[in-house]
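Below is one structure, written out as structure tokens, with a few remarks after it.
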Amino acid sequence: GGAGGPIPTNARTSQFYYNQNVTGAELQLGTDAQIGGTRNVFTYGLSFAYTTTTRPRDRFQITLATGARTQNVGGELFPNKNFPDTQTIQAGAYIQDEITALDGRLTLLPAVRLDYYQLNPVPDSYFWNSTGATLNVVPSSSTYVSASPKLGAIYRFSDIYSAYFQYATGFRAPPYDNANFGFTNAASFYQILPNANLKPETANSFEIGYRGNYANGSSWQLTGFYNLYNNFLETVVVGMNGPVTQFQYVNLTNVTIWGVEARGEYRFTPDWAVLGWTAFAQGTDQRTGLPVDSVSPWATQARIRYGSVEGGLNAQVIGTMVAQHNMVSSQFFFQTPAYFNLDATVGYVFGQHFKFNAGLFNITNAKYWNSADVIGLTYNNPQLDLYAAPGRYVGVNFAARW
């Protein structure tokens, strides 16, 4: 017979879990009132969520020739946890007033939200098994309170055309895994270091746009935005441990991101439509004047879609074109090449509760990288191919909802 494949020498058994329990409640109320010649629609409410998260991982390897059993596999000691068991409390209170002039043309939307966020990590011996060289970083608890006002405005020139403006402040606490994730994968040459000193990200955002909505379901929209961030949360490469690349979430003191976007849909029959969008954004770290690596390059997408508004069968062909990611913060960083990707999907909705989807993705089997997957990697990194997007593949899922 012909030559066989490689003969295995080891057998591995793995049990990886991700368990998250959320207990919460949400209350939303509304009140309508006429005040000073305007129609006012008040929306206000409370939200609360208590979340516990744990990610235990276990694996053992048996050497087939000897029967020897070990839980030190691929440079990792098992059982372990990539981040400590974590308890988070998120609570919020908000109020919004939708103020519309009696002629219906102008609407103002003032709002404010108050957020409370508490993170409490509980490291155990399994977590310390995972962190390896980062034993000196002790996960810490944190509590944040923030008030975020917002103001929006919409002006309707006609039943079809309208313009809008929005100013919003934002607050984003460091997620449990960003702050306390500690993981070393020696086989794949990367390490993620925790950062117990992460601060919340805050933002002042401005957005302006113009849009048209037509009776047959066709629409278009032009948008421009300008965002100013303090303590922007970003993934960076902080060093090398031999051949192992070390990543960490850090705060960038002041960051601005601006961009423009256009999207539209032309429905030439009730069931058939062509639609698409194009988006360009640029980010700058104001402290260094350098680009922000996590801002995606210019991208454009076009689709041909079939789907009945009553449900049943739907299908679409999707073409996505992405420019080279040449706005990186170092001349040594890998700049993802421009690429074109083609996908096709089909779905069927059964009544109110069941949905089937299938798709053929990356039909042309293009080799490309998503810029978000290679942040901070140098152009001569020998492991670059490990970060490439999947080649041609098929995906199928079935969803039940009730």
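The values are calculated or read from the model by the stated rules, or taken from the named source; none is laboratory data. Keep in mind the model is a prediction, meaning the values are calculated, not measured. Positions of Cβ are backbone-derived with ideal geometry, glycine not excepted, and every protein chain shown enters the neighbour counts. Protein only, heavy atoms only, side chains kept; ligands, DNA and RNA dropped before computing areas. Shrake-Rupley method; radii C 1.70, N 1.55, O 1.52, S 1.80 Å.
Candidates Tyr155, Tyr94: the one that is open to solvent by 50 Å² or more (accessible area, probe 1.4 Å) and of a type outside the set (A, V, I, L, M, F, W, C) is Tyr155. Residue under question is Val238, and the condition is that it be under 30 Å from Gln383 (Cβ atoms), touching a residue at least 40 places away in the same chain (Cβ under 8 Å) and either crowded, with 16+ Cβ neighbours inside 10 Å or within 23 Å of the chain's Cα centre (by Cα) (or both); does it hold? Taking the combined requirement at face value, the residue satisfies it. Scanning the range 252-309 for residues that are open to solvent by less than 70 Å² (accessible area, probe 1.4 Å), more than 30 Å from Ala215 (Cα to Cα) and not polar (S, T, N, Q) gives Leu252, Val255, Ile257, Ala281, Gly283, Asp285, Gly289, Pro291, Val292, Asp293, Val295, Pro297.
If you go through the range 127-152 and keep only what is open to solvent by 70 Å² or more (accessible area, probe 1.4 Å), over 30 Å from Ser218 (Cα atoms) and modelled with pLDDT of 90 or more, you end up with Thr143, Val145. Just one of the numbered conditions (1) in a strand (DSSP E or B); (2) in contact with a Lys or Arg (Cβ under 7 Å, 6 or more places away or on another chain); (3) hydroxyl-bearing (Ser, Thr, Tyr); (4) open to solvent by 30 Å² or more (accessible area, probe 1.4 Å) is not true of Tyr116: (2). Residues of the range 53-70 that are part of a strand (DSSP E or B) and free of Cβ contacts under 8 Å to residues at least 12 places away in the same chain: Arg69, Thr70. Report yes if some residue within the range 299-311 is touching a residue at least 24 places away in the same chain (Cβ under 8 Å), assigned to a strand (DSSP E or B) and of a type in the set (D, E, K, R); otherwise report no. Checking the range 299-311: at least one residue is touching a residue at least 24 places away in the same chain (Cβ under 8 Å), assigned to a strand (DSSP E or B) and of a type in the set (D, E, K, R). Checking each residue in the range 336-369 for being under 24 Å from Pro291 (Cβ atoms) and open to solvent by 60 Å² or more (accessible area, probe 1.4 Å) picks out Ala338, Phe340. The set of residues from the range 275-316 being touching a Lys or Arg at 6+ places or on another chain (Cβ under 7 Å) and not aromatic (Phe, Trp, Tyr) comprises Leu275, Gly276, Gln316.
Conditions (1) closer than 23 Å to Gly182 by Cα; (2) in a strand (DSSP E or B), marked per residue:
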{"position": "Ile7", "(1), (2)": "no, no"}
{"position": "Gln20", "(1), (2)": "yes, yes"}
{"position": "Thr51", "(1), (2)": "yes, yes"}
{"position": "Gln96", "(1), (2)": "no, yes"}
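Taking the conditions (1) open to solvent by less than 70 Å² (accessible area, probe 1.4 Å); (2) not in a strand (DSSP E or B) in turn, Ala215 satisfies each one other than (1). Being more than 23 Å from Tyr379 (Cα to Cα) and out of contact with any strand residue (DSSP E or B) (no Cβ under 6 Å at 6 or more places or on another chain): is that true of Thr223 here? Taking the combined requirement at face value, the residue does not satisfy it. Among residues that are closer than 30 Å to Thr53 by Cα, in contact with a strand residue (DSSP E or B) (Cβ under 8 Å, 6 or more places away or on another chain) and open to solvent by 50 Å² or more (accessible area, probe 1.4 Å), Val244 is not included. Among the residues of the range 71-89, those that are outside any loop (DSSP other than H, G, I, E, B) and open to solvent by less than 50 Å² (accessible area, probe 1.4 Å) comprise Val73, Glu76, Asn80, Lys81, Asp85, Thr86, Thr88, Ile89.
If you check Gly104, Gly92 for being touching a strand residue (DSSP E or B) at 6+ places or on another chain (Cβ under 9 Å), outside any strand (DSSP E or B) and under 30 Å from Ala33 (Cα atoms), only one passes: Gly104. Scanning the range 22-49 for residues that are closer than 30 Å to Tyr126 by Cβ and not in a strand (DSSP E or B) returns no hits.
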